[in-house]
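**Student:** What follows is a structure written as structure tokens; I'll ask about it next.
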Amino acid sequence: MKIAKISGIGHYVPELKVSNNDLSKLMDTNDEWIYSRTGIRNRYIAVSETSYEMAGFAALRALEKAGLDPIDVDLIIVATFSGEYATPSMACLVQKAIGAVKAMSFDLNAACSGFVYGIDVADQFIKTGKYKNALVIGSEKLSQILDWEDRSTCVLFGDGAGAVVLEAGDDVGIIDSVNYAIGEAYECLYAKNVGNKTPFYEEQNEHKLMMNGQDVFQFACKKVPEILYEVMEKNQVNQEDVDYFVLHQANVRIVTKIAKRMKISIDKFYVNMEAYGNTSAASIPIALSEMSEKNMLIGKKVLIAGFGAGLTYGCSLIQF
Ligand code: ACO
């Protein structure tokens, strides 16, 4: 059986960088409140870029690193919940933008766990031999669905995209993944679609992100360690064998608490939310892309873990 190897990683963030101090000029907030509670200082906001353009830029960078021509891409999965179109999928728009004319293309919505879910799905297509390669992209333009009058949520998020190329190989790659959902707890974190007026009923939903921050915090700190232990035990890997843990970059206090709970040195956890804020499905591939640029990944064993609306959560064990 083939193993899905990560052969290229890339990311893209918008041109406009917005600091906590910039936000404090627009609303009643300040750098001290945001940074001390979240570890976030800056985020990027896509003013001129669409979410599918960001996805396409990240994809082209990953393909270039992999040395793969877009025309040879078999599968495109975009993990997102903040695209401009309800249909077509963002993946189809990326396919057009990069010229990957042969690729089966679809979106996957598992919110901030979307990239990890996408890796698991693409891995199945490659393991079975159906496809030789896949692009898995996380791209979010969260700025267009945030409630900019709710200072308790809008300061947390940022826009951006990250992408990986998976290719069928024989030695290293995705070792295993576990993914779950707790639909009954969906009200902790959601964004409704914009409503429509009909002759039969009137409904004006607001396409804004709503969150009970403390419930999400508790959920992440409880469930992420469970799945990390599960995938390590299943694959007979000790936490000492894992070189890096790359969690969804929501909040540094979540990462610190998980490291402490699992008695793992915080140095093994890659964190970059200070620079980007929470970019949802894009946060893990952006982190992997940075790590790859810093030559941190070659030969390393890495656990990635996502958690977010759904509630969804999942992790993958990867040998680079
Ligand atoms: N600036 C200044 N003050 C603020 C701000 C702000 N931006 N936002 C809220 N406050 C005020 C509140 O009004 C409140 O004031 P009050 O006590 O006078 O009413 C006070 O700060 C405290 O608010 P809390 O909500 O209690 O703050 P808390 O310490 O819980 O921190 C936070 C909130 C940062 C959201 C925290 O709950 C958290 O990190 N949760 C995890 C959320 C998360 O990471 N979500 C994303 C994961 S899933 C995904 O990625 C989609």
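**Student:** Yes or no: the range 259-277 includes at least one residue that is within 18 Å of the chain's Cα centre (by Cα), of a type outside the set (D, E), more than 23 Å from I6 (Cα to Cα) and not in a helix (DSSP H, G or I).
**Tutor:** Yes, that holds for at least one residue.
**Student:** Can you find, within the range 17-37, the residue that is least open to solvent (accessible area, probe 1.4 Å) among those that are part of a helix (DSSP H, G or I) and more than 10 Å from the ligand (Cβ to nearest atom)?
**Tutor:** Start the filter on the range 17-37 by keeping residues that are part of a helix (DSSP H, G or I), which leaves 20-24, 31-37.
Remaining after also requiring more than 10 Å from the ligand (Cβ to nearest atom): 21-22, 35.
Working: N21: 87, D22: 59, Y35: 78 Å².
This residue is D22.
**Student:** If you check N193 against the conditions, is it more than 15 Å from the ligand (Cβ to nearest atom), in a strand (DSSP E or B) and in the same structural domain as M211 (by TED's automatic domain parsing)? Explain how you work it out, then say what you get.
**Tutor:** On the way: more than 15 Å from the ligand (Cβ to nearest atom): yes; in a strand (DSSP E or B): no; in the same structural domain as M211 (by TED's automatic domain parsing): yes.
So N193 does not fit the description; no.
**Student:** Just one of L75, L60, L93 is of a type in the set (A, V, I, L, M, F, W, C), closer than 24 Å to K192 by Cβ and touching a helix residue (DSSP H, G or I) at 6+ places or on another chain (Cβ under 7 Å); which is it?
**Tutor:** L93
**Student:** Further question: When you look at S113, is it modelled with pLDDT of 95 or more and within 16 Å of the ligand (Cβ to nearest atom), yes or no?
**Tutor:** Answer is yes for this residue.
**Student:** Within the range 97-108, identify whether any single residue is away from the ligand (no atom under 16 Å from the Cβ), out of contact with any strand residue (DSSP E or B) (no Cβ under 6 Å at 6 or more places or on another chain) and closer than 23 Å to A191 by Cβ, and answer yes or no.
**Tutor:** yes
**Student:** Still on this structure, please answer the following. If a residue must be more than 8 Å from the ligand (Cβ to nearest atom) and not in a loop (DSSP other than H, G, I, E, B), how many such residues does the range 155-170 contain? Lay out the reasoning, then the answer.
**Tutor:** Within the range 155-170, the first condition is being more than 8 Å from the ligand (Cβ to nearest atom), and the residues that meet it are 158-170.
Then drop every residue that is not not in a loop (DSSP other than H, G, I, E, B), which leaves 160-169.
The number of residues fulfilling the criteria is 10.
**Student:** So which of I9, I40 is hydrophobic (A, V, I, L, M, F, W, C), assigned to a loop (DSSP other than H, G, I, E, B) and under 22 Å from H248 (Cα atoms)?
**Tutor:** Checking each option against the conditions leaves just I40.
**Student:** Identify the residue in the range 206-249 that is among the aromatic types (F, W, Y) and more than 21 Å from G162 (Cβ to Cβ) and, among all such residues, is nearest to the ligand (Cβ to nearest atom).
**Tutor:** Residues of the range 206-249 that are among the aromatic types (F, W, Y), as a first pass: 217, 219, 229, 244-245.
Cutting the leftovers down to more than 21 Å from G162 (Cβ to Cβ) gives us 217, 219, 229.
Values: F217: 4, F219: 9, Y229: 21 Å.
Among them, the one singled out is F217.
**Student:** Look through I137, I145 and report the one residue that is in contact with a His (Cβ under 6 Å, 6 or more places away or on another chain) and either assigned by TED's automatic domain parsing to the domain that holds V302 or closer than 26 Å to A46 by Cβ (or both).
**Tutor:** On the way: I137 fails: in contact with a His (Cβ under 6 Å, 6 or more places away or on another chain).
Going through I137, I145 in turn, the sole match is I145.
**Student:** Would you please list the contacts, defined by Cβ atoms under 7 Å and residues six or more apart or on different chains, that run from a residue in the range 272-284 that is in contact (Cβ under 8 Å) with a residue 24 or more places away in the chain to a residue that is open to solvent by less than 10 Å² (accessible area, probe 1.4 Å) and basic (K, R)?
**Tutor:** From the range 272-284, the pairs are Y276/R43; G277/R43.
The values are calculated or read from the model by the stated rules, or taken from the named source; none is laboratory data. As the structure is a computational prediction, the values presented were derived from the model and not from experiment. As a convention, Cβ positions derive from the backbone with ideal geometry for all residues, glycine included, and neighbour counts pool all protein chains shown. Calculation scope for accessible area: heavy atoms of the full protein, side chains included, ligands and nucleic acids excluded. Shrake-Rupley method; radii C 1.70, N 1.55, O 1.52, S 1.80 Å.
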